[in-house]
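Derivation of every value follows stated rules applied to the coordinates shown; laboratory data play no part. The structure displayed is predicted, hence computed values, not measured ones. Glycine gets a Cβ as well: all are built from the backbone with ideal geometry, and neighbour counts include every protein chain shown.
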Amino acid sequence: MSSNIPDSFDKADPHNLKVIRIEPDMKHFILIPYKGREINSNMLTRFTLFLYLQEKIQKILNPSDKLIQIKDLFTTLNQLKQLLQTLMKNDSSQDNLFAEALSKNWHLIIDHAVDASYIKPSPHYLTELKKFINTIHSYPENDDHTLGYYLTEYAGESWLPFPFIHILYALHENALLTPSKSTLSTWIKEIDNIIYSQ
């Protein structure tokens, strides 16, 4: 090719410069040999992308059992929060349906805490959840039969023991006297801390 350039050619002269248009390569793929055949790389890329997107969509539409458990726990905690808010406003201490809903929620939360204890690595909210369970289970302090005891032992009963009624009434009364510093408002804040710790 250098033999075609004349000896008098001056490379520094701008008149001798010529821009040649480069044509695009119309072939946007390569053929990949595979088991005696050739695979179009463009089609292979599209197919791989399709499989990747399909896997991502499946993960979104079908969450794992662990995510479903967490969602169920947070739903149950929200329901317990609503029950506690109801007790703050209304004296529900002698309402069988209220006590039953409270007890069912309590059982679901304890069951989840037990199940979550076996998950490795343990969920980040588990420490706060166990602390919350211990708080309610030991309320009122230095008492033989606590709120947690009644919520656990008298689930589904059609009658309410008098000490249990007294505990619920004392919580309601405390919430009326000091709404922002009451035991119920503290428990509601603890529930919020667990739910929003994500």
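If you average over every viewing direction, what projected area does the convex hull of the Cα atoms of the chain give, in nm²?
On the way: hull surface 106.0 nm².
With every direction weighted equally, the projected area is 26.5 nm².
Compute the distance in nm between two label points, each set 7 Å from the Cα along the Cα-to-Cβ direction, one at Ser197 and one at Asn40.
5.4 nm
Using the alpha-carbon atoms, what tilt in degrees (0 to 90, nearest 10) does helix 162-177 show relative to the longest principal axis of the chain?
The answer is roughly 70 degrees.
Which FRET efficiency value, to the nearest 0.05, is calculated for Ile133 and Glu153 with the Förster distance at 25 angstrom and r the Cβ-Cβ distance? Mind dumping the intermediate values first?
On the way: r = 15 Å, r/R0 = 0.61.
Rounded to the nearest 0.05, the efficiency is 0.95.
Would you mind checking the tilt of helix 183-195 against the longest principal axis of the Cα atoms of the chain, expressed as 0 to 90 degrees and rounded to 10?
Approximately 20 degrees, to the nearest ten.
For Phe47 and Asp143 in the same chain, what is the full-extension length gain: residue separation times 0.36 nm, less their Cα-Cα distance, in nm?
So the extension gain works out to 27.9 nm.
What does the extension gain come out to for Thr75 and Phe162, with contour length at 0.36 nm per residue minus their alpha carbon separation?
Details: separation 87, 0.36 × 87 = 31.32 nm, distance 2.99 nm.
Working it through step by step, the gained length comes to 28.3 nm.
What distance in nm separates the simple spin-label points at Leu67 and Leu177, each placed 7 Å from Cα in the Cβ direction?
It is 4.8 nm.
Which angle between 0 and 90 degrees, to the nearest 10, do you get for helix 65-89 versus the longest principal axis of the chain when only C-alpha atoms count?
40 degrees
Can you pull the three principal axis extents for the Cα set of the stretch 58-148, in Å, largest first?
47, 28, 17
Pull out a ≥ b ≥ c, the square roots of the eigenvalues of the alpha-carbon gyration tensor of the stretch 125-198, then state rounded if a/c is under 1.5, prolate if not and a/b is larger than b/c, and oblate in the remaining case. Present the calculation step by step, with values, prior to reporting the outcome.
Numbers: a/c = 2.08, a/b = 1.33, b/c = 1.57.
Oblate, because a/c is 1.5 or more while a/b does not exceed b/c.
How high is the relative contact order of the stretch 73-198, in percent, counting Cα pairs under 8 Å that sit 6 or more residues apart? Each step should come with its number before you reach the end.
On the way: 120 pairs, mean separation 46.1, N = 126.
Computed value for the stretch 73-198: 37 percent relative contact order.
Which length gain, in nm to one decimal place, applies between Asp13 and Lys56 when the Cα-Cα distance is subtracted from 0.36 nm times their residue separation? Show your work: numbers first, answer last.
On the way: separation 43, 0.36 × 43 = 15.48 nm, distance 5.94 nm.
Length gained, Asp13 through Lys56: 9.5 nm.
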